[in-house]
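Undergrad: Just passing along the structure, written as structure tokens.
What follows is calculated from the coordinates using simple rules that are stated; it is not laboratory data. Everything numeric here is computed off the predicted structure, so don't read it as measured data. Backbone-built Cβ (ideal geometry, glycine too); neighbour counts: all protein chains shown.
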Amino acid sequence: MNLTIKVPDEVYRRAAEVAAAEKVSVEELFASAFEERVLEFERLKERASKGSFEKFLQVMSRVPQGEPPDQDRL
């Protein structure tokens, strides 16, 4: 399948550098990146399907209430 996408010039330039270093075409680099992203989405979706909002609430109920200590502040 062919797909035309628009990317900022800077992104394309950086992708071309990576592709050259990896000895692949820019198209192969983008295809690989898209595939990784899709696979990661599928993995996260699978993990989410095993989750439980009730278990989340149980865990969160054990978190102490109040302000965090100074060393934990952002």
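Undergrad: Could you tell me which of Ala15, Leu3, Ser49 has its Cα farthest along the dipole of the chain towards the positive end, charges placed at Cβ (Lys, Arg +1; Asp, Glu -1), taken about the Cα centre?
TA: The Cα lying farthest towards the positive end belongs to Ser49.
Undergrad: Compute, for the chain, the length of the dipole vector about the Cα centre, with Cβ point charges of +1 (Lys, Arg) and -1 (Asp, Glu) only. Units Debye, rounded to 20.
TA: Using Cβ point charges on Lys, Arg, Asp and Glu, the chain gives about 300 debye.
Undergrad: Modelling each spin label as a point 7 Å along the Cα-to-Cβ direction, I'd like the Phe34/Leu3 distance in nm, to one decimal.
TA: Once both label points are built, they end up 0.3 nm from each other.
Undergrad: For helix 26-49, what angle does its Cα long axis make with the longest principal axis of the chain, in degrees from 0 to 90 and rounded to 10?
TA: Its long axis makes an angle of about 20 degrees.
Undergrad: Next question, about the same structure. Computed from the mean reciprocal separation of all distinct C-alpha pairs, what Kirkwood hydrodynamic radius does the chain have, in Å?
TA: 16.8
Undergrad: Under a Cβ-only charge scheme (Lys and Arg +1, Asp and Glu -1), can you give me the dipole magnitude of region 31-74 about the Cα centre, in debye to the nearest 20?
TA: Here region 31-74 has a charge dipole of around 220 debye.
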